1. For the range A:1-110, please list each of the helices (runs of 4 or more DSSP H) lying entirely inside it that holds at least 3 residues being under 17 Å from B:C181 (Cβ atoms).
2. Output the residue which, of all residues in the range A:99-123 that are of a type in the set (S, T, N, Q) and at the interface with chain B (Cβ under 10 Å from one of its Cβ atoms), is surrounded by the most Cβ atoms within 10 Å (Cβ to Cβ).
3. With the checklist (1) among the charged types (D, E, K, R); (2) in contact with a Ser or Thr (Cβ under 9 Å, 6 or more places away or on another chain); (3) over 25 Å from B:V165 (Cα atoms) in hand, flag the one item B:E348 doesn't pass.
4. Could you give every pair whose Cβ atoms fall below 9 Å, whose first residue belongs to the range B:120-141 and is closer than 22 Å to B:N21 by Cβ, and whose second residue is assigned to a loop (DSSP other than H, G, I, E, B) and among the acidic types (D, E), counting only separations of at least 6 or pairs across chains?
5. Given the criteria in a helix (DSSP H, G or I), at pLDDT 95 or above and within 13 Å of another protein chain (Cβ to nearest Cβ), does B:E155 qualify?
6. Of all residues being more than 7 Å from chain B (Cβ to nearest Cβ) and out of contact with any helix residue (DSSP H, G or I) (no Cβ under 7 Å at 6 or more places or on another chain) in the range A:150-168, which is farthest from A:E181 (Cα to Cα)? Just the residue, please.
7. I'd like the full set of residues that are within 10 Å of chain A (Cβ to nearest Cβ) and either in contact with a strand residue (DSSP E or B) (Cβ under 9 Å, 6 or more places away or on another chain) or of a type in the set (S, T, N, Q) (or both), limited to the range B:42-76.
8. Give all pairs with beta carbons closer than 6 Å in which a residue from the range B:148-166 that is within 16 Å of B:N21 (Cα to Cα) meets a residue that is crowded, with 16+ Cβ neighbours inside 10 Å and not hydrophobic (A, V, I, L, M, F, W, C); count only pairs at least 6 apart in sequence or on separate chains.
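The values are calculated or read from the model by the stated rules, or taken from the named source; none is laboratory data. From a predicted model like this one, the values you see are computed outputs, not experimental measurements. We place every Cβ from the backbone using ideal geometry, glycine too, and count neighbours over all the protein chains shown.
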Amino acid sequence: MFGLLEQLKKDVRFIEGLNSCINCGICTAICPAAQFYEYDPRQIADTLQRGNEDEIERLMKSDTIWYCGECLSCKTRCPRGNTPGYLIQALRNVAQQSGFYVFSERGRQQLEIKRRIGDNILKYGYCVYVDEIDTDYHPEQGPVWDWYRQNTETILKRLNANYRGDGAGTLRKISEADLNELRSIFDKTGALKQFEDIEKTADG
Amino acid sequence: MVKDVKEQQWPDYQKEIAPDNYYYARSCIRQNFFPGSEETFLKIVGKVLGKDIYDDPHQTTCTGIAYHSGIIPMETTMTVVARQFSLMNDAGYKNFLASCVTSFGIYTEMVETWEHFPETLEKTTDYLVRATGRSFKLPENLVHTSDIIYKFRNEIASMSKIRLVNKHSGKPLRVVEHIGCHYAKIFPKKGVGGAEFPKVLTGMIETWGGEVIDYPERRHCCGFGFRNYIVKEDRGYSLSNTKKKFDSMEPYKPDFIVTNCPGCTFFLDRWQYVLAESEGKTYDANGYGIPVLTYEEMAGLVLGFDPWEMGMQLHQVSVETLLDKLGVVYDKKEKYLGHEKQNIGIPEMPVVLKT
């Protein structure tokens, strides 16, 4: 109907990820997500192999495609060289391009991830950054993190880091020139557009 | 006969690790969560082993966490990887060394994709020149930092101040080794020992006198799960998967855990704190939990480095139970001091987990 399969086939991860699934279920047996959620990577491969557009659309609109943790254990174990984890990457990609991701609660979480990881990259050049992590959102960090945050400069100096400093070293400030190269890559390759789309479509 | 087959097969599980002249690509998670380990690695490779290693101020994130959370296109990650390689070219190096297992997986995946789909290499080359004016050549050798410590494990042993042996009983310490999934599960031929017989950490442990524990969930993921951890309400996935590993290893009474992945070290450390405080459960006999080390911390202790100068005070599970078993000489009063040895207070004590 929307040529979703055709869109998926443009993604090299789809081509690499689906050879010929024999439905043996080894991927499901090894999958950490399958042990925690109602999630079955064997069914992902099977649905895509059948190629029914309605089924694929339902999948893209569901929470299901967002459960995978991308550990890629399935790639090691599949006896036929399939990789359900790659198929998930391709599905998530097309679900976002088509806008189907906003139909699921898990899909809409892309906004939270964009703001917590994507914005860090553009601001600092790091995926995660000490100044942005607190124990309100990350209580698992524990009291040692609060102590680290209260004393970041002196602790990092003791450890010979270069926190917010120029030049090389642990947690150095990444220069504006280098950040601009990174931002330019994000612009030219479509990541900035994807960030804008997430802000527009997932927020509300 | 069995031995013959093993010897014939073992070369398939080896990888080439350059002997010197490394371009060092840093880890986002490790710089933030275990900053001392980044510096310890540079000290071991540069000062102790006398190798040439270049720490480039121009490098950035590889975007790995964003890529595996699906918020950026694959083309973006490919082009950022290409820029890192271009920086390596500029610096005059050919041996690329990734300090993060997620990054190692990312670099390896992008290089493999360029080989399988040459049109993606053309496209990346075009993106990079349009975005930055840069060009790039692939590294001749692409390895993870744990590969380097593994390669020089015997040299480190020859300079060791202590061995991984319980000084009270004289017996080898019992060690759980955990390999980050993206070290060898995606591309088994790129890891020492592959995905089936990972040797990178067991090689260090056994060379330095410890005993490796085999347990049912040894190869289960630490539970990071990228987006499953980043979003607060989904974090039960991460905790549950890590708990599965703790429950499985507990009967074997490990003295410590060592991992080769910054994320795994973090989760195996912090989820012990959460399980202690929320469930009242600790995984050792005395309520302190099982210390979780990076491989540099393990190597540093073997070489006689001070635990607090390596940043081991930033673990939530305290490491003193292990230091005492090893016979490491340390000053408890120095643990929480600032850079001029000034008093900066101490972290609040957890209610259940002893520190």
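1. Answer list for the range A:1-110: A:26-30, A:32-36, A:73-77, A:84-98.
2. A:Q110
3. All conditions pass for B:E348, except number (2).
4. B:N141/B:E16
5. Criteria not met by B:E155.
6. Of everything passing the filter in the range A:150-168, A:Q150 is farthest from A:E181 (Cα to Cα).
7. B:L42, B:Y54, B:D55, B:D56, B:Q59, B:T60, B:T61, B:C62, B:T63, B:S69, B:T76
8. Qualifying pairs under 6 Å: B:I149/B:Y295.
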